[in-house]
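Shown next, in structure tokens, is the structure this report addresses.
The values are calculated or read from the model by the stated rules, or taken from the named source; none is laboratory data. Everything numeric in this text was worked out from a predicted model, so none of it was measured. Every residue, glycine as well, gets a Cβ built from its backbone with ideal geometry; the counts of neighbours run over all protein chains shown. Note: areas computed on protein heavy atoms with side chains; ligands, DNA, RNA excluded. Shrake-Rupley method; radii C 1.70, N 1.55, O 1.52, S 1.80 Å.
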Amino acid sequence: MSLMAKKSFIRYTDEYLMEHIVRSDKAAFTELYSRWVLRVKQFYLRLCDYEEELADDLTQDVFLKILEKAQSFDPNSKFSSWLITIAYNHFKNDLRRRKHDETYRIEEAQTDDILEPDYEKMIDLEASSQFTDRILITLGEDVKTIFILRYMEELTIPEIAKITSTPEGTVKSRLYYALKKLSKERQQYKLSEWL
């Protein structure tokens, strides 16, 4: 395929590219890969506590899975949600294989309104990404994953619940826990600056 034909994919949607990937169009895959590779790697870096080699391996695996599962993609659905679901499931399976022994027990949510908006307002995630990344390393995998999906990938609670096969109440509970921890650590950090 000519260079000009490859460039023509730039203006098309991810969903359109997937239709061409099903037909083994390498140029469509190259375009999709270039759009998403850095975002997927960043997703894994956060989940893997910035182990670059592991994040690279997982990222490459996910793009191979996209090729393998291209036929199962519904062109009427959102590509980004499909991709994040594959990426998350792959991470979970890889975590099991590595027999990661870090576990955190989070009390299940008993109410739908457990997330208090005050915690979300107190934390400016954009302005403190390095601080947030340091705290993420201390969270359990389930809590960290849900936090990343919500605040870095900007997914809704119902989308996160579907991707992670977790009840919405539990998603909210884990977000509340993460935000509370971030808020507490932020206060201690500010205090230490004055001591």
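With all protein chains present, calculate the accessible area of Arg46 using a 1.4 Å probe and round the result to the nearest 10 Å².
Estimated to the nearest 10 Å², Arg46 gives 40 Å².
Among the listed pairs Lys92/Lys162; Lys92/Lys184; Lys41/Lys144; Lys41/Lys78, which are separated by more than 24 Å between their Cα atoms?
Those over the limit are Lys92/Lys184.
Of the listed peptides 22-33, 172-183, what is their order by residue-averaged count of other C-beta atoms within 10 Å, with the highest listed first?
Final packing ranking: 172-183, 22-33.
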